Amino acid sequence: MKIRKQIYDLTLADLKEYPIWEFCHDEEGELNQDECTLRPFKIGQCDLESMFVCHAIFKLANGNQFEGIVSPAEDLSESQPTIYISDSEGASFWFGGIKPGKNEIEKSYNLLGGRNSDIFPIIWETPFLKKTIPQTGVIKGFYYLEDFEHLKENN
């Protein structure tokens, strides 16, 4: 059975059934598929040659835990962590080349139930990967690319 989902349609149930999802770049020309299309990936097969997202556990500074997705990498701009509050709401910490507005950050604080010192640092963990790929990471705030060369924290 061929399973394909858009990254923005992944649910916690999908992540529990298939903890690792690979981007289907080799299938972008197929009907209803593009650069955001994912397919389940077998545990233990991930390597740094594939672009994928993984089910992750996020531990906030205040001890609260959430689940979500992350692309394991050393750099936050590559890992792009997202916490799922529900299947329709989440908190993202990477905003690319656009500085997040005060309303976006306020919404994330409200969803996560706290303020800066309650939330950050956040430790993420992906217990489903080979040891050669980063399995943990730290989120210290909300980030964007200030001038396409330098990450900037915005809290």
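Tabulated data
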quantity	calculated
Where a residue in region 49-60 is of a type in the set (S, T, N, Q) and its partner, wherever it lies, is surrounded by fewer than 24 Cβ atoms within 10 Å (Cβ to Cβ) and at pLDDT 85 or above, with Cβ under 6 Å and at least six apart	S50/E22
Single condition G96 does not satisfy, out of (1) modelled with pLDDT of 90 or more; (2) in contact with a strand residue (DSSP E or B) (Cβ under 8 Å, 6 or more places away or on another chain)	(1)
Residues within region 51-74 that are at pLDDT below 85 and exposed (fewer than 13 other Cβ atoms within 10 Å of the Cβ), tallied	1
Pairs where the first residue, in region 85-113, is more than 18 Å from Y144 (Cβ to Cβ) and the second is assigned to a loop (DSSP other than H, G, I, E, B), C-beta under 6 Å, 6+ apart	D87/T11; L111/I85
I98 being among the aliphatic types (A, V, I, L, M) and loosely packed, with under 13 Cβ neighbours inside 10 Å	yes
Selection count, region 29-46, where residues are surrounded by fewer than 12 Cβ atoms within 10 Å (Cβ to Cβ) and either at pLDDT 85 or above or not in a loop (DSSP other than H, G, I, E, B) (or both)	1
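The values are calculated or read from the model by the stated rules, or taken from the named source; none is laboratory data. All figures in this text were calculated on a predicted structure; none of them were measured in a lab. Positions of Cβ are backbone-derived with ideal geometry, glycine not excepted, and every protein chain shown enters the neighbour counts.
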